[in-house]
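A.B. asks: Take a look at this one; I'll ask things after.
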Amino acid sequence: MEILAYLIPISLFLGGVGLAAFVYTVRSNQYDDPDGNSQRILSTEYDDKPKS
């Protein structure tokens with residue numbers, strides 16, 4: 001049971017690092033795709049009718 005004294009703080013620290021990395025990527029606009037929507041709406045690559 002004493003291993004939990006090490007594992008819980010380590011897991012909380014790693015979770016915080018992951019959260020900080022995610023917040024950094026969101027704030028630096030790495031998930032924005034301004035040209036993607038305009039290109040997808042004009043693309044004929046995908047059709048709306050599934051093959052049956």
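A.B. asks: Go through the stretch 12-29 residue by residue and turn each phi into a ³J(HN,Hα) via Karplus (6.51, -1.76, 1.60, θ = phi - 60°); whole Hz please, and just put x for glycine and proline.
C.D. replies: 5, 5, 5, x, x, 5, x, 5, 5, 5, 5, 4, 4, 5, 5, 6, 8, 6
A.B. asks: Moving on to the next point. Evaluate the distance, in nm, between pseudo-label points positioned 7 Å from the Cα of residue 4 and of residue 35 along their respective Cα→Cβ axes.
C.D. replies: Using points 7 Å along Cα→Cβ, the separation is 5.3 nm.
A.B. asks: Continuing with the same structure: Quick check: from the Cα gyration tensor, does the stretch 1-41 come out rounded (a/c under 1.5), prolate or oblate?
C.D. replies: prolate
Bear in mind that the values in this text are calculations on the coordinates, not laboratory data. Source: prediction; values computed, not measured. Neighbour counts run over all protein chains shown; Cβ positions are idealised from the backbone, glycine included.
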